[in-house]
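All remarks here apply to the structure that follows.
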Amino acid sequence: MRMGHRIIDWLDERLPLSEFIRRHITEYPTPRNLNYLWNFGSVAGTFFIIQVITGIWLTMYYKPTGSLAFDSVEYIMREVNYGWLIRYLHAIGPTFIFLAIYIHIGRGIYYGSYKQPRELLWWIGLFIFLSFMAEAFMGYLLPWGQMSYWGATVITNLFSAIPLVGTGLTVWIRGDFTVGEPTLTRFFALHTTLIPLGIIGVLIALHLSALHRVGSNNPLGVDLDKESPLMIPFAPYYITKDLWFISLFLTIFLYFVFFAPDFFLEPVNSEPADPLRTPVHIVPEWYFLPFYAILRSIPSKLGGVVAMGMAIVVLAFLPYLDRSRARSATLRPVKRTLTWILFVDFILLGYVGMYPPDEIAFAGIRMVDLGRVLTGIYFLYFLSMPFVSGIEPVRDVRLEEL
């Protein structure tokens, strides 16, 4: 015990270790009324760590060349001890990361976590979301299967819609005129080094730093003083709550890894990439489907790309579109109703993106037409926010709710 204290004292003289742990972990003041929706940030962070660890292990065996990439994945699955386990952990992990991120963003929209003084915190979170999308897209190409190859071909081809520089930008991203070995090697380099460590890692550190600067929001959106009796220390209360919730998610995650590993994997991707044979229906991973449906809903290629981009960019304007004096939708009946409509609309956009555009949804309505209606509803939510926040009634907070 004395030796342990001596080591801690030695470190404290040279690093503010105890002070850091005390300020940002054990004694960090947190509102006592946070619900389980506040646990999804920790869930996403945990699964990101799993992705980094398993990704490092996979790079020891993976060969980023057009002739060996697919076979090296098969070698990992069949010949390397527990290679199948590491590969499934890494392949299924993004599903749970994006599920946690979408719920985390949805919670921020519902409870107004983007409003002053948390605008910068919100924007950093959106950059993290975009970085994870880029990371997942580049990683999806690496197995070099049929859907990987043609999915990368379709997505990179979208950049050609940009006026003047589109064609040159597409060639620059691919490293060639078509998706090929140069694309694979540069995507591998970005996927394993710059994006996860140099971008996502730094952004997560900034996100946590900004969070601890302005403090956590709460379900009622009421600012609380750090010395308020309504604040409790992060440890042990929220640490144990986080650990329990993360354990629950890990249990569900491991169920799919061991008993249903192909549930989230595209069967067509089990075939090696063939530039001469296009799959019947090219569809991205589920976490890209809502934006894919928005892309397809616009007849113009450039218009579709702009609409898809604006579907994410518009989130950055929420701190200025929402002018209500109250943050949380709990106190705002109109915003609460509209936000639930937005959530259902987003899920339905994902459903539409799963199917070919000309497939019939119901009553003779094609999927592409349904997608256009849902796209309009999505953007209408944000366009209506300045008017709604200016006229809707706001319920007062009752003391017993805090």
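Conditions tested, residue by residue: (1) under 15 Å from the mean Cα position of the chain (by Cα); (2) at negative phi.
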{"site": "I8", "(1), (2)": "no, yes"}
{"site": "R14", "(1), (2)": "no, yes"}
{"site": "P29", "(1), (2)": "no, yes"}
{"site": "A44", "(1), (2)": "yes, yes"}
{"site": "W57", "(1), (2)": "no, yes"}
{"site": "G66", "(1), (2)": "no, yes"}
{"site": "Y75", "(1), (2)": "no, yes"}
{"site": "L99", "(1), (2)": "yes, yes"}
{"site": "G112", "(1), (2)": "no, no"}
*Tell me, please, whether a residue that is under 23 Å from P196 (Cβ atoms) and either surrounded by fewer than 17 Cβ atoms within 10 Å (Cβ to Cβ) or outside the structural domain of T240 (by TED's automatic domain parsing) (or both) can be found in segment 32-40.*
no
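May I ask you to list the residues in segment 211-230 that are touching a Gly at 6+ places or on another chain (Cβ under 9 Å) and either outside the structural domain of E119 (by TED's automatic domain parsing) or hydrophobic (A, V, I, L, M, F, W, C) (or both)?
Of everything in segment 211-230, those that are touching a Gly at 6+ places or on another chain (Cβ under 9 Å) and either outside the structural domain of E119 (by TED's automatic domain parsing) or hydrophobic (A, V, I, L, M, F, W, C) (or both) turn out to be L211, L224.
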Flagged in segment 292-318 as assigned to a loop (DSSP other than H, G, I, E, B) and of a type outside the set (A, V, I, L, M, F, W, C), in numbering order, are P299, S300
query: Is it the case that V268 is exposed (fewer than 13 other Cβ atoms within 10 Å of the Cβ) and either touching a Lys or Arg at 6+ places or on another chain (Cβ under 7 Å) or aliphatic (A, V, I, L, M) (or both)?
result: no
Residue set L250, L254, L315; condition crowded, with 18+ Cβ neighbours inside 10 Å and within 22 Å of the chain's Cα centre (by Cα); output residue L315
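Residue check: is L206 in contact (Cβ under 8 Å) with a residue 12 or more places away in the chain, touching a Leu at 6+ places or on another chain (Cβ under 8 Å) and not polar (S, T, N, Q)?
no
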Cβ pairs under 9 Å, 6+ apart or interchain, first in segment 159-174 and part of a loop (DSSP other than H, G, I, E, B), second of a type in the set (S, T, Y), ordered by first then second residue, are I162/T170
Reported set for segment 63-112 where residues are part of a loop (DSSP other than H, G, I, E, B) and either assigned by TED's automatic domain parsing to the domain that holds L331 or acidic (D, E) (or both) is E79
- Take I105 and decide whether it is in contact (Cβ under 8 Å) with a residue 40 or more places away in the chain, out of contact with any strand residue (DSSP E or B) (no Cβ under 9 Å at 6 or more places or on another chain) and under 30 Å from S389 (Cβ atoms). yes
Scanning segment 319-341 residue by residue, the ones that are buried (at least 18 other Cβ atoms within 10 Å of the Cβ) and either in a loop (DSSP other than H, G, I, E, B) or under 18 Å from the mean Cα position of the chain (by Cα) (or both) total 6
Pairing a residue in segment 368-391 that is in contact (Cβ under 8 Å) with a residue 60 or more places away in the chain with any residue that is in a helix (DSSP H, G or I) and polar (S, T, N, Q), where Cβ atoms lie under 8 Å and the two sit 6 or more apart in sequence or on different chains, gives V368/S297; G371/S297; R372/S297; L374/S297; T375/S297
Condition set of a type in the set (S, T, N, Q) and surrounded by 18 or more Cβ atoms within 10 Å (Cβ to Cβ), scope segment 371-402, selection modelled with the lowest pLDDT: answer is S389
With criteria (1) assigned to a loop (DSSP other than H, G, I, E, B); (2) modelled with pLDDT under 95; (3) not basic (K, R), P143 comes up short on (2)
Considering residues that are over 28 Å from A316 (Cα atoms) and either over 26 Å from the mean Cα position of the chain (by Cα) or at pLDDT 95 or above (or both), the number found within segment 360-370 is 7
When (1) at pLDDT 95 or above; (2) surrounded by fewer than 16 Cβ atoms within 10 Å (Cβ to Cβ) are applied to Y292, the one that fails is (2)
Of the candidates A329, A311, A363, the one satisfying the condition of being small (G, A, S) and free of Cβ contacts under 8 Å to residues at least 24 places away in the same chain is A363
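So is Y355 farther than 27 Å from F127 by Cβ, under 19 Å from the mean Cα position of the chain (by Cα) and either of a type outside the set (A, V, I, L, M) or crowded, with 19+ Cβ neighbours inside 10 Å (or both) or not? Write out each step before concluding.
Details: farther than 27 Å from F127 by Cβ: yes; under 19 Å from the mean Cα position of the chain (by Cα): no; either of a type outside the set (A, V, I, L, M) or crowded, with 19+ Cβ neighbours inside 10 Å (or both): yes.
No.
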Can you say whether S113 is touching a Phe, Trp or Tyr at 6+ places or on another chain (Cβ under 8 Å) and under 28 Å from F48 (Cβ atoms), as far as the supplied structure shows?
yes
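The values are calculated or read from the model by the stated rules, or taken from the named source; none is laboratory data. Just so we're clear, the structure is a prediction, and the values are computed from it rather than from any experiment. When we count neighbours, we look across all protein chains shown, and the Cβ atoms used for this are built from the backbone with ideal geometry, even at glycine.
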